[in-house]
1. So what is the relative contact order of the range 405-503, in percent, for Cα pairs below 8 Å that sit 6 or more residues apart?
2. Length gain on complete extension for the stretch Q22 to L375, per 0.36 nm per residue less the alpha carbon to alpha carbon distance?
3. Which FRET efficiency value, to the nearest 0.05, do you get for F686 and M477 by plugging their Cβ-Cβ distance into 1/(1 + (r/R0)^6) with R0 = 35 Å?
4. Listed here are the pairs K460/K715; K410/K554; K521/K715; K653/K707; K460/K521; which of them are more than 21 Å apart at the Cα?
5. Of the listed peptides 399-410, 325-336, 603-614, what is their order by residue-averaged count of other C-beta atoms within 10 Å, with the highest listed first?
6. Show me the ranking of peptides 626-638, 281-293 by mean Cβ neighbours inside 10 Å, starting with the highest.
7. Calculate the FRET efficiency for V516 and A252 from the Cβ-Cβ distance with a Förster distance of 60 Å, rounded to the nearest 0.05.
8. Please give, to one decimal in nm, the separation of the simple spin-label points placed at R198 and A659, each 7 Å out from Cα toward the Cβ.
Amino acid sequence: MINGIIIQNATEAQENLEHLRQRLGLLDELLRMAVTRARTAGFNQDEFQGLYIDDAEVDKHLASEPGASLWHTPNSEFDATDWRTIQESARIQLESLEARAPTNHPYRFLQLIRAFNLSPLETDVLLIALAPEVDRRYERLYSFLQDDVTRRRPGVDLTLNLLGDTFDQRVEAWRALTPQSALIYYELISLYPDPAQREPTSLSHFIKLDSRITHFVLGHDHVDPRISNAVQTLEPTGTLDDLVLGDDRRAALRRNMELNPIFYFYGTYGSGMREAAVAMCGTLHIPLVVADMARLKTQATETNTSLEKLMRLVFREARLVGGGLLLENWIGILDEHHAAPNWLMEAVIEHPHLMILSGAEAWEPHAIDRERPILRSEFAVPDFNERVNFWKLYIGRSPLPLDLEELSNKFRLTGGQIRDAVRTARDAAAWRGDIDLNMADLYKGSRAQSNRKLSNLAEKIQPRYSWSDIVLPPDRMQQLREMCNQVQYGHRVYDEWGFSGRALNTRGLAALFAGVSGTGKTMSADVIGHELGLELYRVDLSTVVSKYIGETEKNLSSIFDEATQSNAILFFDEADALFGKRSEVKDSHDRYANIETGYLLQRMESYDGITILATNLRQNLDEAFTRRLDFLIDFPFPEAPDRARIWRVTFPKNAPLAADVDLDELAQRYRLAGGNIRNAAMAAAFLAAADGANSSIGLRHILHAVKREYQKMGKLIGDDLLAEFGELD
């Protein structure tokens, strides 16, 4: 297969064309008989026939049986002999040959008959329509038999004349041209009116073979252009045994495939639903046709074409190649009651091969009359061991040591996301001119697969700080490290030691950072993100809280849903504004405010990642929150020794500090929080830079910056605090 086109080898192509010639030989016998009968009936012997109607022709029509063939002659020698005997004899010989056809590549015309379960009459109609598409001599023959050189395609009347002599035979042949016929339903052929007539009768319509069917019979496969932007054919290269899948899931799929059910797979992007479908088809030795229902629905709207028409082409495609069919984004075409159109469910149930539907969420089909079961299977994020195997599969051998268990533990990615992460990592390596991946490349790729949409809902904070940049009491530092340990060693505790079965909720981690502004809450969240290699997102409360009932929960749902796919740390700053104490219910607004609080509790408990709540006033937090927290860390206002350390770590090594700067003395005299100290240090640096290129950061610059910080806080700095150093402007 090349770009979805199945290529026949030379031998198969030759055998297919030879069989087609034999099939057309049957039509030749039929046409030879028809021409002979037409001549015997005196048809088309007058050079002016068709331009006028003489008495003899009128008498002939009046003498004919109603509904009989145009060439029907009651008293002719052909009445004593079945006029189809010769053709039936040739058909029997051909069917004997077809019975010995190889099963791995049956003749295309025969494959077409079997794919759509065509009756002998439908097969004859198909052959009549095919003939002028592959050999123009049939155009002349059809023109002769229709008494009009402009009528080169087979008309309905001609087709019925060829397939039936009496009225009963012609009515029976009509079955092949009704909307219920497989020929019409799957658009193998189409009927179109004679353009020379204003309101032509049904018998005056022409029959045309669809171009996709012509190409298929001739051995050239490609998806119909009308659906090619949403449909592709995949040729499996492996089986279920080659799939990175849990043994139980593999055994269940293999066992249930024998029942030929309708499968419904649901899960997130990259969870392996398509890969499983391809592997299942590989096990059955058939191709897989994949159709994106969302694209088809959009295409139907844009082109003003019915979705039913496009879907018939999809089902036709799957039958043509004898393949399984996967309809992706199934949920998108359901109505408000989660029900599919009746015509679509009927087509799904009737598809003879492997039938799989897939979507992002669970689906419970409505009760319908069906014998074919619908089996639902969730494709969740693979477990730790499966993630490790996915990393090994897509990375392959590497000369550099790569800690794939670390990646698998920190990033809960699906198989498809891991595949894409490795591709991104290889791009990063290629950019620096390297072919070998390192952990930094893989972290970059993993983060790229994690933050698809969350940045639209929250502010991304680029981690800048490490443990050496933060100053906290030893016990608080230890608590922060313990938070990191719970993430880094989660696999060992939950999986290897078996604590996953004893955990009351998910593997997520919820923490509260409480302390006044500037004590290091945001910085600590930054350090954790840097240590774990995870991205940190700060939630903007102004985009979350809404005065309209239900909107806050909707916003929170969007944030947590996307965070689940993003492997991110959620940082709610000033959380008490949203998560304050639940109030006593006095009116409907109080009741809905409490519902919002309860909803948040529920989402925090079900979130598998890290949630950090930051508040300036711990006493404002509802007790229901504190009971559900894994960590509650108080950030105290720094005392003089800690303030001195903050002053030291704030000034970079290259910062030119003057000799008159005594950081210990500054820390002792000025009671500033860490955030204020950092602001003062930065402001002092700019004051010094403004004094000239050779200037250093002196005491007067720092004192001036300290004074400005006091002013911002709304405090007055007393003269006694500046007396020793001298008043500054």
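1. 30 percent
2. Details: separation 353, 0.36 × 353 = 127.08 nm, distance 4.44 nm.
Working it through step by step, the gained length comes to 122.6 nm.
3. Numbers: r = 31 Å, r/R0 = 0.88.
E between F686 and M477, to the nearest 0.05, is 0.70.
4. On the way: K460/K715 33 Å; K410/K554 28 Å; K521/K715 23 Å; K653/K707 24 Å; K460/K521 16 Å.
Beyond 21 Å between Cα atoms: K460/K715; K410/K554; K521/K715; K653/K707.
5. Values: 399-410: 15.7, 325-336: 18.5, 603-614: 20.7.
Highest mean packing first, the order is 603-614, 325-336, 399-410.
6. Numbers: 626-638: 16.1, 281-293: 21.4.
The peptides rank, most packed first, as 281-293, 626-638.
7. Details: r = 56 Å, r/R0 = 0.93.
Approximately 0.60, to the nearest 0.05.
8. 11.4 nm
Quick note: the coordinates plus some simple rules give every number you see, no bench work behind them. Note that the coordinates shown come from a computational prediction; the quantities given were computed from them, not determined experimentally. Note that we place each Cβ from the backbone using ideal geometry, even for glycine, and neighbour counts take in every protein chain shown.
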